[in-house]
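Take a look at the structure set out below.
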Amino acid sequence: MHKVLIIGAGGVGKVVAHKCAMLPEVFGEITLASRTLSKCKAIAAEVKERTGRDIATAQVDADQVAETSELIRKTGAKLLINVALPYQDLTLMDACLEAGCDYMDTANYEPKDLAKFEYKWQWEYQERFQQAGRSALLGSGFDPGVTNIFTAWALKHHFDEIHTLDIIDVNGGDHGQAFATNFNPEINIREVTAACRHWEDGQFVETPAMSTHQGFTCPEEVGSYEIYRMYHEELESLVKHIPTIKRAQFWMSFSPNYLKHLEVLQNVGMTRIDPVSYQGQEIIPLQFLKAVLPDPGDLGKTTQGRTCIGNIITGIRDGKPKAIYIYNICDHEACFAEVGSQAISYTTGVPAMIGAKQMLTSDWAKPGVWNMEQHDADGFMADLNEHGLPWKCIELDAEAAAKLSVL
Ligand code: NDP
């Protein structure tokens with residue numbers, strides 16, 4: 001039985017709190033802390049109602065290292081689960097080193113004034129974590145997270161060498177709103193408006209955002225969607241740790257309605273992340289936009305449909321070409337019935353809980369800073385099946401894999 005400290009009481013934090021509370025034999029004492037204490041208390045009340053368990057709550061500004069390390073010491077936490085925002089990654093890693101606690105998150109650090117998605121800043125902590133005998137796990141959500149684990153598991157069980165990787169993230173859900181993002185609007189819009197980068201023959205190739213797209217039909221009648229190639233952070237760590245990969249691409253589905261709204265918002269300057277002067281004070285347009293958009297944590301009540309996220313992987317096994325598709329399908333309404341959240345928060349929060357479980361109960365917590373694919377994938381894959389995100393793996397022929405056709 002271990003003590004954990006969850007930081008961030010948003011859509012993802014709510015799922016993590018519920019799923020940890022459902023495993024008392026691993027997560028013995030849970031504290032949920034965020035900037036706004038009332039959000040933690042509301043989640044704690046829901047957890048109590050659904051699971052019968054009490055979780056402690058606290059107020060903390062995770063940008064402040066001393067404040068956070070004091071809270072870590074007070075709670076006696078062995079592991080800090082960071083589901084606040086990527087901006088807090090480095091201060092939370094510092095707080096963990098100061099207080100003597102392991103660390104994990106679901107998204108890589110990005111500076112507030114620069115939408116740059118790189119592991120560089122967090123990889124630089126490698127030596128400090130090693131010297132302190134502490135462990136950090138980076139990116140234990142779905143993508144990054146499960147997509148890294150799918151790739152590592154495929155390499156262990158299906159391939160001698162992986163040559164191509166296509167990660168396809170489809171959200172076939174409908175929330176009934178004119179425009180909303182599935183997770184934190186500021187982080188989401190920074191991500192989707194960034195230039196696309198994909199890995200080809202030993203280097204990242206940059207193309208304009210949303211300029212490459214194609215149709216994709218999901219298995220199990222989730223439907224057909226237009227998917228757009230974009231940059232996603234797991235590409236950086238996967239091509240580093242699996243150097244046989246010749247091409248790696250990430251694709252995400254967007255509805256024409258989402259893209260229409262995004263285009264207008266971009267054209268009028270509402271997605272800018274540099275400060276503008278408004279009535280005597282400086283505001284960041286994208287942060288103001290977040291304040292007027294629906295809170296993704298509230299979308300659960302109205303969201304219907306399913307997500308389908310998976311990897312098409314090709315390579316060689318025993319000298320012969322091979323291709324597989326590994327995927328999970330998740331139902332928005334089933335997630336809401338279980339933990340009161342839609343599937344995007346659920347598909348992030350469940351792998352965060354499983355990553356935490358691996359760190360507390362397996363050999364994952366070795367000293368240093370690690371990406372998911374650097375750990376053995378088997379226990380995590382088994383836990384996905386057990387804790388709400390069952391997956392399937394099917395073989396494809398080479399032609400189908402090249403066309404991203406999985407039926
Ligand atoms: P939300 O905006 O819903 O929640 C973020 C929470 O963090 C809020 O409760 C907020 O508190 C809190 N927070 C922000 N700044 C601070 C701070 N300085 N100190 C303490 N708490 C703070 O975001 P989501 O739940 O949608 O996303 C959480 C994380 O999950 C993000 O990093 C996101 O990038 C990541 N994510 C990862 C995915 C994956 O598959 N890997 C997919 C989706 C999301 P308050 O409300 O009081 O301001």
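Quick notes on this one:
- Single condition Met104 does not satisfy, out of (1) closer than 19 Å to Met230 by Cβ; (2) more than 11 Å from the ligand (Cβ to nearest atom); (3) in contact with a Gly (Cβ under 6 Å, 6 or more places away or on another chain): (1)
- Condition check for Val205: surrounded by 14 or more Cβ atoms within 10 Å (Cβ to Cβ), of a type in the set (A, V, I, L, M, F, W, C) and either modelled with pLDDT of 95 or more or assigned to a helix (DSSP H, G or I) (or both): no
- Scanning the stretch 243-257 for residues that are crowded, with 22+ Cβ neighbours inside 10 Å and either without any contact (Cβ under 8 Å) to a residue 60 or more places away in the chain or assigned to a loop (DSSP other than H, G, I, E, B) (or both) gives a single hit, Ile245.
- Positions within the stretch 164-187 being polar (S, T, N, Q) and either surrounded by 18 or more Cβ atoms within 10 Å (Cβ to Cβ) or in a strand (DSSP E or B) (or both), in sequence order: Thr164, Asn171, Thr181, Asn182, Asn184
- Here the condition is being more than 13 Å from the ligand (Cβ to nearest atom), surrounded by 24 or more Cβ atoms within 10 Å (Cβ to Cβ) and small (Gly, Ala, Ser); of Ala356, Ala334, Ala352, Ala377, it holds for Ala356 alone.
- If you go through the stretch 27-62 and pick out every residue that is under 20 Å from Asp295 (Cα atoms) and either in contact with a Phe, Trp or Tyr (Cβ under 7 Å, 6 or more places away or on another chain) or of a type in the set (D, E, K, R) (or both), you end up with 4.
- Residue that is nearest to Trp123 (Cα to Cα), among those in the stretch 90-101 that are crowded, with 24+ Cβ neighbours inside 10 Å and under 18 Å from the mean Cα position of the chain (by Cα): Met93
- Residue that is nearest to the ligand (Cβ to nearest atom), among those in the stretch 1-30 that are within 18 Å of Leu85 (Cα to Cα) and of a type outside the set (A, V, I, L, M, F, W, C): Gly10
- Flag for Tyr325 being more than 16 Å from the ligand (Cβ to nearest atom), aromatic (Phe, Trp, Tyr) and modelled with pLDDT of 95 or more: yes
- Every condition in (1) of a type outside the set (Gly, Ala, Ser); (2) within 16 Å of the ligand (Cβ to nearest atom); (3) surrounded by fewer than 22 Cβ atoms within 10 Å (Cβ to Cβ); (4) in a strand (DSSP E or B) is met by Gln214 except one, and the failing one is (2).
- Exactly one residue out of Gln64, Gln88 is over 21 Å from Glu191 (Cα atoms) and polar (S, T, N, Q): that is Gln64.
- Just one of the listed residues (Leu90, Leu155) is farther than 29 Å from Tyr225 by Cβ and touching a residue at least 12 places away in the same chain (Cβ under 8 Å), and it is Leu90.
- Among the residues of the stretch 143-163, those that are in a helix (DSSP H, G or I) and within 12 Å of the chain's Cα centre (by Cα) comprise Val146, Thr147, Asn148.
- Residues of the stretch 230-245 that are in contact with a Gly (Cβ under 8 Å, 6 or more places away or on another chain) and of a type in the set (D, E, K, R): Glu233, Glu234.
- Failed criterion for Gly355 (all others in (1) closer than 24 Å to Ala136 by Cβ; (2) outside any helix (DSSP H, G or I) hold): (2)
- Candidates Ala377, Ala356, Ala400, filtered to the one that is of a type in the set (A, V, I, L, M) and more than 19 Å from the chain's Cα centre (by Cα): Ala400
- Residue match in the stretch 36-54 (condition: under 27 Å from Trp123 (Cβ atoms), within 13 Å of the ligand (Cβ to nearest atom), surrounded by 15 or more Cβ atoms within 10 Å (Cβ to Cβ) and among the charged types (D, E, K, R)): no
- When restricted to residues that are buried (at least 24 other Cβ atoms within 10 Å of the Cβ) and assigned to a loop (DSSP other than H, G, I, E, B), the stretch 125-142 contains 3.
- Exactly one residue out of Thr271, Thr217, Thr181 is among the hydroxyl-bearing types (Ser, Thr, Tyr) and over 23 Å from Cys330 (Cα atoms): that is Thr271.
- When Ile81 is tested against (1) more than 30 Å from Gly315 (Cβ to Cβ); (2) crowded, with 22+ Cβ neighbours inside 10 Å; (3) of a type in the set (Val, Ile, Thr); (4) within 9 Å of the ligand (Cβ to nearest atom), only condition (4) is not met.
- Residue list for the stretch 380-407, restricted to those being among the β-branched types (Val, Ile, Thr) and outside any loop (DSSP other than H, G, I, E, B): Ile394
The values are calculated or read from the model by the stated rules, or taken from the named source; none is laboratory data. Please read these numbers as outputs of a predicted model, since none were measured by experiment. Neighbour counts run over all protein chains shown; Cβ positions are idealised from the backbone, glycine included.
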